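Encoded as structure tokens, the structure appears first; notes follow it.
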Amino acid sequence: MNRRTAVSLAVAASAALLLPGCTGTGGSAKGADAKAPDDPSKVTGTIKVLTVRTDLVQDGTLKKYAAEFNKTYPKVKVEFEGLTNYEAEVKIRMNTENYGDVLLIPAVIKKADYPRFFASLGTQTERAKKYRFTDYTTVDGKVYGQSPVGVAPGFVYNKRIWKQAGVTEWPTTPAEFIADLKAIKAKTDAIPYYTNFAAGWTLTSWTYVDGAVSCDPQATTELAEGDPWAKGADLRVGDTLLHDIVKQGLVEKDPTTSNWEESKPRTAKGEIATQWLGTWAIVQFRDAAKKAGADPDDIGFMPFPAQTGGRFCATVSPDYNQAVNVHSQHKEAARAWIDWFTDKSGYVEDNLSISPLKDAPMPSVLKPYEDQGVQLIEVDDAQGARVKQLDSDSEVGIYAPEYRQNLVDLARGARKGTLDGFLGDLSKRWTDAQKNLGS
Amino acid sequence: MTDTTEKAVVEVSTAAPVPAPASRRTRAWRGLTPWLFLIAPLALLITFTYAPIVNMLAYSFTDWDGVSPVLHYTGAANYEEVLTRPDLFEVFWVSGYYLAASAVQIVLALYFATVLSFDVRFRNFFKGVLFFPYLINGVAIGFVFLYFFQDGGTLDSVLGLFGAHTDHAWLGTPVSANTSLAGVSVWRYLGLNFVLFLGAIQSIPGELYEAAELDGANRWHQFRHIIAPGIKPVLTLTVILSISGSLSVFEIPYIMTGGATGTETFVIQTVNLAFRFNKTGLASAAAVVLLLIILLVTWVQRRLVPDDKVDLV
């Protein structure tokens, strides 16, 4: 070995020793509180708010909220940063201390690690009096995040087309739902159901049938402890419905080249009849309707076709939870923003969403839900962390598109196997992961 | 860059009238100059290539989830898992499509390079046409071709002009989807191979062709006996690049299908392991294994086809 090789080897070796030290230094300051300020006029500082709503950053909507915020908190300057690929980008940034002052808690962060990354907003006992969804971000009795909106999954559908097909009542069983889609196919020109297979993430909405099928607030605990694909379990019922819709040819001709952005105006115009999404989508579809010159009131919303005790059921869960960076220099200002944005900004009304405030009324788009007596339940998230862990360990990916894409491929014959075999494999991987993880 | 400097230095020293030994300082300077020029590229190379690789190697021995401040050393457990899970290697069948496509690509590139190395009308225009796709960003290509393969999209319209109404879902089945994606890959990388071949062909001295023509050789003979042996080193290099390229396909299928409908490649699978299932340690091990596989394939190939010095003259 000549001298040069020896030197370069030594450099490489010392680099190998030093570099791992660059990882995971983000969590040194463990446990901090972001207290709500007492006097709004005295709060100062510039805060950076990370968001997934790049559209609202670009069209200046968020700036308008900030201007409104400044009327109460004149000395706080709010800056926004929209991230298109939020999960992946913020994950990398969270290896440093520099990840904004207010951010959305990414799904990847383990619940037990919340105190390392975020400042607490208060105790659960105190916050639960006013807000929904506190158990989603509670660690050791302290709450670390608050979602500004609540969402309920459901079918976005075109009322005009459904009526044209002669369907006036919401279907109450999966079989009825399929019969209705068949009627749409026979009597109208619309695509009965649009999978949005290519976008992928749209298919993940099907995971949120969980809890709605059996109207069970303990659905997440069931996922953590039971087999989600056992006979009659929520996910199996949902997956079977999706499979049957595709198998019976009630979907777009070529799912692999489907287009999410186009699907919005097409639904508004009545070229597409139905999509399984959530309340968050309603406002986007209504906007698309206005732009396409169609009637926004044609956009309807219906729950999963299953009834418990003669009533439909829908789960309400938080969207991304806003949290304060534990390393933030202006925690009071950051906290003030979260409180103001959740309580007073009008963001909920603008997005026709369900308010996270317990005493707020339901949005007008859910009026039919009230008329039909749809029961809205909040799923208990105490076992949410364990479900995520099982999901990663088993590599099933219930919040990822591949599993449903494979299901659609199977149903349309582009993948070998049977539905029972496919779901059986999922439940085997899931229950194996449960065994490995212990209880 | 470094080449010219060295030449300059050499010229200066030979031009010096008195061959007196240079002072220690000048000699030190002379020794240092090439390194000064190398600082920028080396710094970039180390920061963006070698340091991440070393980091990745380190992660591959841990159970890190990609974000948690805590990580544990797990020894070779990740490698054991990678090597004992046959499902992780099944995706290499997909590489077969791209490997077959590379063969087509090399033949086409060689054909075009040969034709355009002769005096053809509009040859610079055609060179541009062939090379242009390589300059486009891979993500843009993915989106363009998504529209291209759409039901009633560009491909269907063009086929319709010729009276063929296939009504085929191009990305609909694994075979069709992989073939379509491999086709996109050929379209994109053909230009690169073409330019490499063209450069090699043009470095063959022109008088060889003249001599051959005098001896009555036709175009095919010229290709067979002058061009083919003349570009053998470049050809070997291209084959190596193609093989390692087909084993690590990523951009095109990731953008266009996201790995759905049986188009998942080893790299997509690795990315999913790291960023979807938060098994950064395992994914790093998988990446290291891929690196080793590529090194192995290259080594075997160099053994089978040694790189002889070619002497045309």
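Restricting the chymotrypsin sites (Phe, Trp or Tyr not before Pro) of the range B:64-130 to loop positions (DSSP other than H, G, I, E, B) with no more than 16 neighbouring Cβ atoms within 10 Å leaves B:F118, B:F122.
Prolate is the label for the range B:92-264, because the ratio a/c of its alpha-carbon gyration tensor axes (a ≥ b ≥ c) is 1.5 or higher and a/b is greater than b/c.
Loop exposure criterion: trypsin sites (Lys or Arg not before Pro), DSSP state outside H, G, I, E and B, at most 15 other Cβ atoms within 10 Å. Applied to chain A, the longest stretch between such sites is A:131-230.
Between B:T270, B:T298, B:T33, where does the largest GNM mean-square fluctuation fall for chain B, given springs only between Cα atoms within less than 10 Å? Of B:T270, B:T298, B:T33, the Gaussian network model singles out B:T33 as fluctuating most. Dividing the mean sequence gap of close Cα pairs (under 8 Å, 6+ apart) by how many residues chain A holds gives a relative contact order of 23 percent. Across peptide B:67-75, the mean count of Cβ atoms from other chains lying within 10 Å of each residue's own Cβ comes to 6. Structure remark: mean-square fluctuation, Gaussian network model of chain B, C-alpha springs under 10 Å; the largest value among B:D87, B:D151, B:D215 belongs to B:D215. At a Förster radius of 35 Å, what calculated FRET efficiency corresponds to the Cβ-Cβ distance of B:W35 and B:S203, to the nearest 0.05? My answer for the efficiency is 0.70.
With 20 Å bins from zero, work out the P(r) of the protein assembly as shown over every alpha carbon pair and list the percent per bin. Going out from 0 Å in 20 Å bins, the protein assembly as shown shows 13, 40, 32, 12, 2, 0 percent. Basic side chains Lys and Arg get +1 at the Cβ, acidic Asp and Glu get -1 at the Cβ, and with that the dipole of chain B about its Cα centre reaches some 920 debye. Using Cβ point charges alone (K and R +1, D and E -1), the dipole size of the protein assembly as shown about the Cα centre works out to roughly 1680 debye. Most simply put, the protein assembly as shown has about 60% antiparallel DSSP beta bridges, counting only bridges with both residues inside it. Principal-axis analysis of the Cα atoms of chain A puts helix A:260-269 at an angle of about 40° to the longest axis. Mind pulling the angle between the C-alpha long axis of helix A:384-394 and the longest principal axis of chain A? Nearest 10 degrees, somewhere in 0 to 90. Taking the Cα atoms of chain A, the angle to A:384-394 is about 80 degrees. With q set to 0.06, 0.07, 0.13 Å⁻¹, the log10 of I(q)/I(0) for chain A, from the Debye formula over equal scatterers at the Cα positions, is -0.29, -0.39, -1.23. Under a GNM of chain B (C-alpha, springs under 10 Å), which listed residue has the highest mean-square fluctuation: B:L116, B:L235, B:L45? Maximum fluctuation in the GNM of chain B, among the listed residues, is at B:L45.
Once the Cβ-Cβ distance of B:E90 and A:S364 is raised to the sixth power relative to R0 = 51 Å, the FRET efficiency obtained is 0.50. All other residues whose Cβ lies under 13 angstrom from that of A:H243 are scored, Lys and Arg at +1 and Asp and Glu at -1, for a net of +1. In this structure, the pairs whose alpha-carbon distance is over 29 Å, taken from A:K129/A:K291; A:K63/A:K111; A:K185/A:K290; A:K77/A:K344; A:K63/A:K130, are A:K129/A:K291; A:K63/A:K111. Partner shielding of B:184-191 amounts to 0, given as the average count of beta-carbon atoms from other chains within 10 Å of each residue beta-carbon. Taking a ≥ b ≥ c as the square roots of the eigenvalues of the Cα gyration tensor, an a/c ratio of 1.5 or more together with a/b no larger than b/c marks chain B as oblate. Of all lysines in the structure, those lying under 28 Å Cα to Cα from A:K231, and not within fewer than 8 positions of it along the same chain, are A:K182, A:K247, A:K388, A:K416, A:K428, A:K435. The loop-placed GluC sites (Glu not before Pro) in the range A:96-170, going by DSSP, that have at most 10 neighbouring Cβ atoms within 10 Å of their Cβ come out as A:E169. The Rg/Rh ratio of the range A:199-271, with Rg taken over Cα atoms and Rh as the Kirkwood radius over Cα pairs, comes to 1.06. Longest stretch of chain B clear of exposed loop sites (trypsin sites (Lys or Arg not before Pro), DSSP loop, at most 11 other Cβ atoms within 10 Å, sites excluded): B:122-308. Judged by the ratio a/c of the largest to the smallest principal axis of the C-alpha gyration tensor, the range A:289-439 counts as oblate, that ratio being 1.5 or greater while a/b is no larger than b/c.
Look at the stretch A:250-261: the mean tally of other chain Cβ atoms within 10 Å of its residues' Cβ atoms is 5. Entry note, the range B:92-264: relative contact order of 40 percent, from Cα contacts under 8 Å with a spacing of 6+ residues. Multiplying the residue separation of A:T418 and A:N436 by 0.36 nm and subtracting their alpha-carbon distance yields 3.8 nm. Charge tally around B:D156: other residues with Cβ under 14 Å, Lys/Arg +1 each, Asp/Glu -1 each, net -2. Using the Karplus relation 6.51 cos²θ - 1.76 cosθ + 1.60 with θ = phi - 60°, the per-residue 3J(HN,Hα) values for the range A:110-122 come to 6, 4, 5, 8, 3, x, 6, 10, 10, 8, 6, 9, x Hz, with x marking Gly and Pro. Placing a pseudo-label 7 Å from each Cα along the Cα-to-Cβ vector at B:V305 and B:V239 gives an inter-label distance of 0.2 nm.
Working note: Cα atoms of the range B:173-275, range along each principal axis, descending, whole Å: 62, 26, 15. Of the DSSP H helices in chain B, those with a Cα length along their own long axis of 15 Å or more and a mean Kyte-Doolittle hydropathy reaching 1.0 comprise B:92-117, B:138-149, B:232-247, B:280-304. Lys and Arg at +1, Asp and Glu at -1: add these up for the other residues within a Cβ distance under 10 Å of A:H330 and post the number. Here the charged neighbours net out to +2. Using a simple spin-label model with pseudo-atoms 7 Å out from Cα toward Cβ, B:L83 and A:N85 lie 3.2 nm apart.
Here, each number is a calculation from the coordinates, and none is a lab measurement. Not measured: the values here are computed from a predicted model. Counting neighbours? That spans all protein chains shown, and the Cβs are built from the backbone with ideal geometry, glycine included.
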